[in-house]
Amino acid sequence: MNEIFHVIIKFTSEALALSRHINNLNKSETIMSQFILLYSTKDGHTLDICNRLKPIIESHDHQVVLKDLDVFNENLEEFDSIIIGASIHYGKHHRRVYDFIKKNQKILEARPNAFFSVNVVARKPEKNKPDTNPYLKKFLRQISWKPQELAVFAGKIDYQRYRFLDRQMIRMIMWITSGPTDINTVVEFTDWQQVEAFGHHVAKK
């Protein structure tokens, strides 16, 4: 009887050990990629979009590091996938976005990658896609990197956050493009479902 009891105990212990080993293997295989999510923003809304993307990508069991592109000084080669998001200011992305892409193009091309642009003109249905948004199309013509995944998200108008000159310039642009011009206006044009769908999409690549 004692021998049978010891055999049962030994079998149970070995089965539990095997189960733990399999679980550990599954956990190690679950973390498929380490993403770097880089942003360039003028008024903070691109960072808001990145903060929405980060948990979406992480929900697919990836690791995500969120960094300001303007001050990023780490080794880009340490990351498996690269996403860059940048806002438009007066019709252009910041010069540092161009410089970063030029400097790191070989690394970008060697990994799964994506780029998204944030601009208020994307609030218009006929200008909210990569192949119809004039700012993104212009940007892509100016660089030699061809992002594997592209998106464009409508931005945000918050007049009270702007400096006086910026406020007047943006009001003029909004007047020309039939947008809001009341200086007390805060309008978030971003389609958050579109943002989340993009997050799920790039996480599955």
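Some observations on this one:
- Just one of the listed residues (Val65, Val7, Val97) is outside any loop (DSSP other than H, G, I, E, B) and modelled with pLDDT under 85, and it is Val7.
- Of Val121, Val152, Val195, all but one fail to be part of a strand (DSSP E or B) and closer than 28 Å to Leu66 by Cβ; the exception is Val152.
- A Cβ distance below 6 Å, combined with a sequence gap of six or more or placement on separate chains, defines the contacts here; from segment 58-77, residues that are small (Gly, Ala, Ser) reach no residue that is modelled with pLDDT under 95.
- Annotation: Met174 fulfils all but one of (1) in the same structural domain as Ile82 (by TED's automatic domain parsing); (2) surrounded by 12 or more Cβ atoms within 10 Å (Cβ to Cβ); the unmet one is (1).
- Lone qualifier among Gly179, Gly199, Gly155 - being among the small types (Gly, Ala, Ser) and more than 18 Å from the chain's Cα centre (by Cα): Gly179
- The set of residues in segment 147-167 being farther than 14 Å from His89 by Cα and without any contact (Cβ under 8 Å) to a residue 24 or more places away in the chain consists of Phe164 alone.
- Residue that is nearest to the chain's Cα centre (by Cα), among those in segment 80-104 that are under 23 Å from Met169 (Cβ atoms) and of a type in the set (A, V, I, L, M, F, W, C): Ala86
- Check on Leu38, more than 10 Å from the chain's Cα centre (by Cα) and closer than 17 Å to Leu108 by Cα: no
- Residue in segment 75-88 that is within 20 Å of Gln142 (Cβ to Cβ), touching a strand residue (DSSP E or B) at 6+ places or on another chain (Cβ under 9 Å) and at pLDDT below 90 present: yes
- When Arg111, Arg95 are checked against the criterion of being closer than 19 Å to Leu37 by Cα, in contact with an Asp or Glu (Cβ under 8 Å, 6 or more places away or on another chain), basic (Lys, Arg) and without any contact (Cβ under 8 Å) to a residue 60 or more places away in the chain, Arg111 stands alone in meeting it.
The values are calculated or read from the model by the stated rules, or taken from the named source; none is laboratory data. Computed from a predicted structure; not experimentally measured. Ideal geometry is used to build each Cβ from the backbone, glycine not excepted, and the neighbour counts take in all protein chains shown.
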